[in-house]
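The values are calculated or read from the model by the stated rules, or taken from the named source; none is laboratory data. Source: prediction; values computed, not measured. Neighbour counts are summed over all protein chains in view; Cβ atoms, including those assigned to glycine, are modelled from backbone coordinates with ideal geometry.
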Amino acid sequence: IKKIAVLTSGGDAPGMNAAIRAVVRACTYYEVACFGVFRGFQGLMEGDLKEMGPRDVKYIISKGGTILKSARSKEFMTKEGRKKAHHTIEKYGIDALIIIGGDGSFTGGMLLSKEFNLPVIGIPGTIDNDIYGTSHTIGYDTALNTVIDAVDKIRDTATSHKRIFFVEVMGRDAGFIALNSGIGAGAEEILIPEENIGLPKLLEKLKRSKASGKSSCIVIVAEGEKSGKNVFELSDYVEEHLPEYDVRVSVIGHIQRGGSPSCFDRVLASRSGVAAVEALLKGKKNIMIGLQNDLMAYTPLEKAIKGENKIDEELIRISDILSI
Ligand code: F6P
């Protein structure tokens, strides 16, 4: 392996820059040329890349977003699109590709690898933490910290007015952000896609909460939860059935994707970037680098894409006990 290309793809996540930095610097360390591809697979198709050295990635460890930019390319999901990407790979003599992104990005990488026999390594970077084969994805910890910071502030105003707040958090189809930030912020109720408690039970729990003397109530709502109502409809439903309650909604939104990465994400990204380059040099291909029991571990890309990363039921139990 003499030339490696690295790209970020899909939704950006805090810590992606730290991972880019680690890949570029590990390449320099091992005397491998490193190309940064701009705008993910779209940039790969369009030949938008440049060779990068260690000074090109200075001071980015603390920055959110991705200096390589990101994209969700529809064209790349077509065979024609991937042919264009392969043309760039041939033109620049690239031997392997490191993809920092989520499962959609890994699926694209797998196709490219299968069709053109190109070694591909995935580094999980998404705030959603919804990837099999790693306990943490890059960006997840920072997003959790952003959420608890926001919810702590919402709590201040909620208690001052004795209100119920429905707070919507991201996570796509998974409840990791909701469940863990909910516990971290001491939420009274957490609605996640993995467990539909049903609306009557929600009302009952809210009533119980108020009766127990609480002066505010925070309900964290994962964007993918399955009650069949969005966060505004949920709020209306509660107001309709419990008219004595004063209810408000707060959607945290894309703030969860930005900001300076936490130390945990910086270290995870640094370890993952180095591990990805070293894996390629060891002859590994089509694997994802992940964190398992605090060690860097390899998972076949196919398994990382198809495997289901299950929510820890124990956390649901803990949140129930603690919201008494
Ligand atoms: O996958 C990251 C994520 O932020 C999800 O949590 C969310 O559902 C989605 O991306 C939002 O995507 P977009 O930025 O395209 O609106």
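Here are some notes:
- None of Gly53, Gly36, Gly15 is in contact with a Ser or Thr (Cβ under 8 Å, 6 or more places away or on another chain), surrounded by fewer than 24 Cβ atoms within 10 Å (Cβ to Cβ), at pLDDT 95 or above and of a type outside the set (Phe, Trp, Tyr) except Gly53.
One line per residue, one yes/no per condition, for (1) under 22 Å from Val267 (Cα atoms); (2) in contact with a helix residue (DSSP H, G or I) (Cβ under 6 Å, 6 or more places away or on another chain); (3) within 16 Å of the ligand (Cβ to nearest atom); (4) not hydrophobic (A, V, I, L, M, F, W, C):
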position: Glu31; (1), (2), (3), (4): no, no, no, yes
position: Phe41; (1), (2), (3), (4): no, yes, yes, no
position: Met45; (1), (2), (3), (4): no, yes, no, no
position: Met52; (1), (2), (3), (4): yes, yes, no, no
position: Gly64; (1), (2), (3), (4): yes, no, yes, yes
position: Lys79; (1), (2), (3), (4): no, no, no, yes
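- Only one entry of Lys306, Lys282, Lys310 meets the criterion of being basic (Lys, Arg) and either surrounded by 15 or more Cβ atoms within 10 Å (Cβ to Cβ) or closer than 30 Å to Pro54 by Cβ (or both), and that entry is Lys282.
- One residue stands out among those in the stretch 107-148 that are within 16 Å of the ligand (Cβ to nearest atom) and in a strand (DSSP E or B): the one that is farthest from the chain's Cα centre (by Cα), which is Gly122.
- Hey, Leu68 of a type in the set (A, V, I, L, M), within 21 Å of Ser260 (Cβ to Cβ) and in contact with a strand residue (DSSP E or B) (Cβ under 7 Å, 6 or more places away or on another chain) or not: yes
- Lone qualifier among Lys84, Lys50, Lys2 - being among the charged types (D, E, K, R) and out of contact with any strand residue (DSSP E or B) (no Cβ under 9 Å at 6 or more places or on another chain): Lys84
- Of the criteria (1) of a type outside the set (Gly, Ala, Ser); (2) surrounded by 21 or more Cβ atoms within 10 Å (Cβ to Cβ); (3) within 15 Å of the ligand (Cβ to nearest atom), which one Asp173 fails: (2)
Residues checked against (1) touching an Asp or Glu at 6+ places or on another chain (Cβ under 8 Å); (2) assigned to a loop (DSSP other than H, G, I, E, B); (3) within 16 Å of the ligand (Cβ to nearest atom):
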{"site": "Ala187", "(1), (2), (3)": "no, yes, no"}
{"site": "Pro200", "(1), (2), (3)": "no, no, no"}
{"site": "Glu204", "(1), (2), (3)": "no, no, no"}
{"site": "Glu225", "(1), (2), (3)": "no, yes, yes"}
{"site": "Tyr245", "(1), (2), (3)": "yes, yes, no"}
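- Each residue in the stretch 46-102 was checked for being farther than 17 Å from Thr8 by Cβ, touching a Pro at 6+ places or on another chain (Cβ under 8 Å) and either of a type in the set (Lys, Arg) or assigned to a strand (DSSP E or B) (or both), and 0 of them qualify.
- Within the stretch 170-184, residues that are in a loop (DSSP other than H, G, I, E, B) and modelled with pLDDT of 95 or more reach partners that are among the hydrophobic types (A, V, I, L, M, F, W, C) and away from the ligand (no atom under 11 Å from the Cβ) with beta carbons closer than 6 Å, at six or more positions or on different chains, in the pairs Gly175/Ile192; Gly175/Ile311.
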